[in-house]
Amino acid sequence: MSGWFKRILPRVLAAELVAWALLALLQYRYN
Amino acid sequence: MHWVNWAVVVGYLGYVVVDSIRRARGLKTIEGYFLANRNLPWWAVGLTVMATQLSAITMIGTTGQGAVDGMRFVQFYFGLPVAMVILGVTIVPFLHKANVFTAYEFLERRFGPRTRSLTAFLFLCSRGLSCGTIIAAPAVVFSAIFGWPMLLSVAVIGLPTVLYVVIGGVQAVTWADVKQMFVIVTALVAVVITLLVKIPVNPDAALSIAGAAGRLRVFDFSFTLNEQYTFWSGIIGGTFLMLSYFGTDQSQVQRYLTARSVDEARSSHLMSAFWKIPLQGLILLVGVLVFVYYLFVTPPLYWNPAADRAVAAADQPAYIQLEREAQAAWNLRYELASEIARTPPERRAVPRQQFRAADSAYTAIRQQALAKAEQVTGGPARDVNYIIPQFVLTQLPLGLGGLFIAAVIAAAMSAVAGELSALSTCTVIDFYRRWVRPEASDAHFLKVSRVATAFWGLAACGVAVFAASLGSLIEVVNRFGSFFYGSILGVFLLAMLKRVNAAGAFVGLVAGMLAVGAVSFGAPQVAFLWYNVIGAVTVVVVGLVVSEFARGVESVRP
């Protein structure tokens, strides 16, 4: 696996988890 | 529309076209025309990647979908970030280092001219028509709202785009896209701020009301192949779709081939990986807030003015009756929405429940009204596409309405420009230079490229003008297009495996398309996002098996 992949994948996954967390907050706080 | 709004629209269009043509100076080679001499910075490429994907349908259709269906469409993009990282270590470095003009050119080096020509031909057919629908969608809305003939609406969107792409090539497309993305995001943020100011309750109460109506339901974890947007279809089917789109569709491949280096090409994709979901969330949130806004301001019976006029003229008593019923249901819903806003958060359960029932009653009357419109006009009402344009033109402050209309045109132009540039590249590189005239001067190829761009631009405008009468044809082509999207991804995956040969790739491609076709006709309830998974997996499996078999036959041959 390339160094780029190892470096970038955790950052992208972290960003996606943050986006999901915000969307989940919106859903569970107001639904 | 007020003349100030028109001035904003015309000023913006003029600026984009003039600036793009200015950038065409010194253009002498097809490398410059199609790939900007492979010298663009990552951030400009990243913005053009996002702009090409974002069309006017996103600006008016997706926002409208947010108003009637809520936020759940955002799940469609859940596979995108992961797909971008996978592409960064697979197809992007492969294609960038191969020094090709088109993705299909790379396939010939690996599997011969047959596979290249078939994939390139499929791309030209599907994108040629889809380019027309990208222009047609906003043009239909503009025609209905401004009372323009369809030809004029198509010309306003199509002709400036064709002009700057023909003259400036990909350089003009990219720098126009940078400006377009800026206008689009500015308009969206400005509309959200305006909505938050104009909605007569505080943001917490507004979101509570939207949530009570189910508009803030994002996640659907049910595992069913029949539901279009679920968490799983987004994560699995969406990843395959995004891998196909960004990895193998020339309209996207061409974007990152213009980057200065492999690292810059990868970085351009990371912009989408980080920002696509928030941007799509913002677009849907605009729709959700417009829904809340119209809980406090009486909406028209029909958002589509043409449908409204048609029903009123065809059956006045029914129209008046529907309007009266809708008003009564809206009044009750308004009272209950106000009640939620007045009640402290911890005691909102009862009014929220009552509001939900009132919202269902109002929606049922609107469904009756839409059924009436469809009966009168003889076609689908597509009312949802008119919600945001009507809101923008009647409720936004002076100037901001013009900015939003400019953003809708910008979104259409940027998507069309990317497609036109890709269609022209594919025509010239994969067919003209490959089969008709392999050796000629750069000046000759540049001239042919401009003619090809103009041809595809005018063809797209022609398709757009006749989109209504071509409706079923376009649907068939779109459906057929979905048969090979995942399959083409499968061929590119096979290209990266050394043990696969040309026969395996070609048979695999045909098998993948047939498999998706069989599912599409045999089990039409399966959501289209899964087609990409089925296509790609079939191609890879069949391709590997046929390659092994062909090798076995070769080795036993005397």
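Details
- The distance separating the Cα centre of segment B:72-149 from that of segment B:339-392 comes to 36 Å.
- Centre-to-centre, using Cα atoms only, segment B:196-226 and chain A are separated by 21 Å.
- Ranked list, fewest to most other Cβ atoms within 10 Å of each Cβ, for B:Ile365, B:Ile184: B:Ile365, B:Ile184
- Look at the alpha carbon pairs under 8 Å that are at least 6 residues apart: their mean separation over the length of segment B:170-241 gives a relative contact order of 12 percent.
- Shape of segment B:364-520, Cα gyration tensor, a/c cut at 1.5: oblate
- Overall form of chain B: prolate. Here a/c, set by the Cα gyration tensor axes a ≥ b ≥ c, is 1.5 or more, and a/b is the larger of a/b and b/c.
- Stokes-Einstein D in µm²/s, Kirkwood radius over Cα pairs - the protein assembly as shown at 25 °C with 0.890 mPa s viscosity: 97
- Residue order, fewest to most surrounding Cβ atoms within 10 angstrom, among B:Met84, B:Met1, B:Met496: B:Met496, B:Met1, B:Met84
- Segment B:130-282 gives an Rg/Rh value of 1.01, both radii derived from C-alpha positions and Rh following Kirkwood.
- Measuring between alpha carbons in the structure, the pairs from B:Lys28/B:Lys97; B:Lys28/B:Lys498; B:Lys28/B:Lys276; B:Lys276/B:Lys372; B:Lys28/B:Lys179; A:Lys6/B:Lys498 lying more than 28 angstrom apart are B:Lys28/B:Lys498; B:Lys28/B:Lys276; B:Lys276/B:Lys372.
- Cα gyration tensor category, rounded, prolate or oblate, for segment B:184-255 with a/c compared to 1.5: oblate
- DSSP H segments from chain B that extend 18 Å or more along their own axis, Cα-based, with Kyte-Doolittle mean of -0.5 or above: B:3-22, B:113-146, B:150-198, B:262-296, B:349-377, B:400-425, B:442-465, B:471-495, B:502-522, B:529-556
- Modelled FRET efficiency - R0 41 Å, B:Ala361 with B:Phe146, Cβ distances, 0.05 increments: 0.75
- Cβ-Cβ FRET estimate between B:Glu31 and B:Thr90, R0 fixed at 30 Å, reported to 0.05: 0.75
- Considering only Cα atoms, the convex hull volume of segment B:201-330 works out to 203 Å³ per residue.
Only the coordinates and a few stated rules stand behind these numbers; no lab work does. Please read all numbers here as calculations on a predicted model, not as lab measurements. In this analysis, Cβ positions are derived from the backbone assuming ideal geometry, glycine residues included, and neighbour counts consider all displayed protein chains.
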